[in-house]
Amino acid sequence: MISRVYGATFLGIDPFLVTVETDIERGLPKFDIVGLAHGAIQEGKNRIVSALRSSGIQWGPKKITVNLAPASIKKEGASLDVPIALGLVSALGLIPPDSLQKKIALGELSLDGSLRPIRGALALTDFAAKNGWEQIILPSSSACETSLIPGISVVGPSTFGDLLGHLRGERICSSPPFKNIESHPTNVLDWSQVNGQKIAKRALEIAAAGQHNILLSGPPGIGKTLLAKRLPTILPKLGDSCLRDVLRIHSAAGLDLSRLAIGLAPFRAPHHHASLAGMVGGGRPFRPGEFTLAHHGVLLLDETPEFRRDILEALREPLEEGWITLSRVDGTFRLPAQFLFVGTMNLCPCGALGDPQKTCFCTPQALQKYRHKISTPIRDRIDMMIEMSCPLWSEVWSQNKGEDSATVQEKIVEARKVQAQRHGNQPLWNSYLPTETLREICQLDSQAEKTLKVAVEKWGLSVRGLNKVLKVARTIADLDVQQKLLSSHIAEALQYRLWSTAF
């Protein structure tokens, strides 16, 4: 008798359906798993046999063959333990034949029959719901996060014995509720905690409103990292479609979802010793990199020139397209990477340049090498470059804290509403405006056009640089609730594009 049970696993970060076919015959004891099953799946044979025996299921000498279809795709991970075990039980006739119809089963088995958590439960549940499956079976410790996915029934047994009882109609297994963060800690970061740096604050507000990439430069200790780490506090909460994408990605990576579940945008700040695979994705089993984990959020590269050159050059595609394409032996993966890039850097290797109290002794060669770690194509893809200076004593010691995060966030929410309404209530931010519609959306008055013409002819602004200026100016106008781009909007956008002397 051949039984069929349905499971799922990942190809990159995308789930795909796996049909588990089980055939049991009389003969010499043998347990084969075919269908490009690797690593943990092959080792699962011993876990499955022990778990079934611990659950009170015995069988005599049998020849067991399990096929994982489609056989042309490699399958990794221990989440197929449960569907393989259910296939054995079904082939032995120990559960009703129709008990697994329109159901997907997933889980890792322990030797005593208990079910261990798996990676990507939410992403797999989202896949099942979108493809019309009625129910998904998951370990209870993983099933709790799937309450965020509507439209599908979730069963969360703790042991394989409980699952068998549920399928036989002897007991009911339900999934526990999702636990998220109900309140923020008392020492939460806030925009008002940074004194001075009005220009940098204004630039970051514009960057947050239009999803513009930004590079902060200046001497050490003046607040570059301080401001960058507070940028997420002024970002609006994610909409439903963006939130679902973010949760699916982080679930596939096996990361905690509690902070994201309340709508907070992702914030990733990897160390400069991170590997290329850790940034763009890869490995075995495949994991999304920091670029993808920052999707719909913020990617902070603190001390940007200290990162490896190949990592910085890998930013080209995501900064331009919002995607990154990886070609590996297992196939080609297209990963989402639409993030707000924030970089910080000193003006020289020793950090003294730009500080009136210090003297820089860096040679011209060392200075040029340091600055050109960020290549011209990468700089051309950065919308705003801000050179920060040392704040005055009156600014540092001032009791006037300025606007808090909630106040600034309200302005950014309103500006984003304007952008969404412009595109039929779709979240298409100004940074990602298509070139073919840019001139139509960015209408200039006569004085603004003259200002832009001078910038192109006098400073040699590239076509990409021109488009970046228009997009930033469009965001400034949205913050000012202006339909047309005025000369002041263009001038401010040019200031953020051309003012920095770091290059």
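The values are calculated or read from the model by the stated rules, or taken from the named source; none is laboratory data. The structure displayed is predicted, hence computed values, not measured ones. Note: ideal-geometry Cβ built from the backbone for every residue, glycine included; neighbour counts use all protein chains shown.
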I'd like to verify a number: residues in the range 123-146 that are surrounded by fewer than 18 Cβ atoms within 10 Å (Cβ to Cβ) and at negative phi, how many? 5
Consider Arg416 against the criteria (1) assigned to a helix (DSSP H, G or I); (2) out of contact with any helix residue (DSSP H, G or I) (no Cβ under 7 Å at 6 or more places or on another chain); (3) in contact (Cβ under 8 Å) with a residue 12 or more places away in the chain: it satisfies all of them except one. Which criterion is unmet? (2)
So, in the range 130-157, exactly how many residues are assigned to a loop (DSSP other than H, G, I, E, B) and in contact with a Leu (Cβ under 6 Å, 6 or more places away or on another chain)? 4
Are any of the residues in the range 428-445 polar (S, T, N, Q), closer than 28 Å to Thr233 by Cβ and surrounded by fewer than 19 Cβ atoms within 10 Å (Cβ to Cβ)? no
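Those residues that are farther than 20 Å from Asp404 by Cβ and surrounded by 24 or more Cβ atoms within 10 Å (Cβ to Cβ), I need them from the range 218-242; list them, please.
Gly218, Lys224
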Within the range 376-383, is even one residue of a type in the set (S, T, N, Q) and in a helix (DSSP H, G or I)? yes
Name the strands (runs of 3 or more DSSP E) wholly inside the range 16-129 in which the number of residues that are of a type in the set (Gly, Ala, Ser) and free of Cβ contacts under 8 Å to residues at least 24 places away in the same chain is 1 or more. none
Got a number for residues in the range 65-87 being touching a helix residue (DSSP H, G or I) at 6+ places or on another chain (Cβ under 7 Å) and under 15 Å from Arg4 (Cβ atoms)? 5
Kindly establish whether Arg287 is in contact with a Gly (Cβ under 9 Å, 6 or more places away or on another chain), closer than 23 Å to Leu124 by Cβ and not aliphatic (A, V, I, L, M). yes
In this structure, does Lys401 turn out to be farther than 24 Å from Ala491 by Cβ and not in a helix (DSSP H, G or I)? yes
Criterion violated by Phe127 - all others in (1) in contact with a helix residue (DSSP H, G or I) (Cβ under 8 Å, 6 or more places away or on another chain); (2) closer than 17 Å to Leu80 by Cβ; (3) of a type outside the set (Lys, Arg) satisfied: (1)
Could you tell me whether the range 445-454 includes any residue that is of a type outside the set (S, T, N, Q) and touching an Asp or Glu at 6+ places or on another chain (Cβ under 7 Å)? no
Complete set of residues in the range 250-305 that are touching a Ser or Thr at 6+ places or on another chain (Cβ under 9 Å) and among the hydroxyl-bearing types (Ser, Thr, Tyr): Ser251, Thr304
Check off (1) of a type in the set (A, V, I, L, M, F, W, C); (2) over 15 Å from Ile222 (Cβ atoms); (3) not in a loop (DSSP other than H, G, I, E, B) for Ile386 and give me the number that stays unchecked. (2)
Matching residues in the range 393-413 (at pLDDT 85 or above and either of a type in the set (A, V, I, L, M) or surrounded by 15 or more Cβ atoms within 10 Å (Cβ to Cβ) (or both)) number 8
Filter the range 42-79 down to the residues that are crowded, with 17+ Cβ neighbours inside 10 Å, of a type outside the set (D, E, K, R) and touching a Gly at 6+ places or on another chain (Cβ under 7 Å) and list them by number. Ala51, Ser54, Ser55, Val66, Asn67, Leu68, Ala78, Ser79
Suppose we keep only residues that are buried (at least 22 other Cβ atoms within 10 Å of the Cβ) and touching a His at 6+ places or on another chain (Cβ under 8 Å) within the range 284-303. Which one would you say is farthest from Ile324 (Cα to Cα)? Leu301
What is the residue count in the range 331-344 for residues that are at pLDDT below 95 and closer than 19 Å to Met279 by Cβ? 3
Somewhere in the range 428-437, is a residue more than 25 Å from Arg379 (Cα to Cα), part of a helix (DSSP H, G or I) and either modelled with pLDDT of 90 or more or assigned by TED's automatic domain parsing to the domain that holds Asp380 (or both)? no
Within the range 86-98, can one find any residue that is exposed (fewer than 15 other Cβ atoms within 10 Å of the Cβ) and of a type in the set (Asp, Glu)? yes
Scanning the range 218-255 for residues that are free of Cβ contacts under 8 Å to residues at least 12 places away in the same chain and not charged (D, E, K, R) gives Gly221
Set Leu167, Leu215: member being touching a residue at least 40 places away in the same chain (Cβ under 8 Å), of a type in the set (A, V, I, L, M) and within 24 Å of Ile41 (Cβ to Cβ): Leu167
Which is part of a loop (DSSP other than H, G, I, E, B), free of Cβ contacts under 8 Å to residues at least 40 places away in the same chain, of a type in the set (A, V, I, L, M) and not assigned by TED's automatic domain parsing to the domain that holds Glu320, of Leu466, Leu461? Leu461
Considering (1) modelled with pLDDT under 95; (2) closer than 30 Å to Gly218 by Cα; (3) not in a loop (DSSP other than H, G, I, E, B), say which one Ala228 fails and leave the rest. (1)
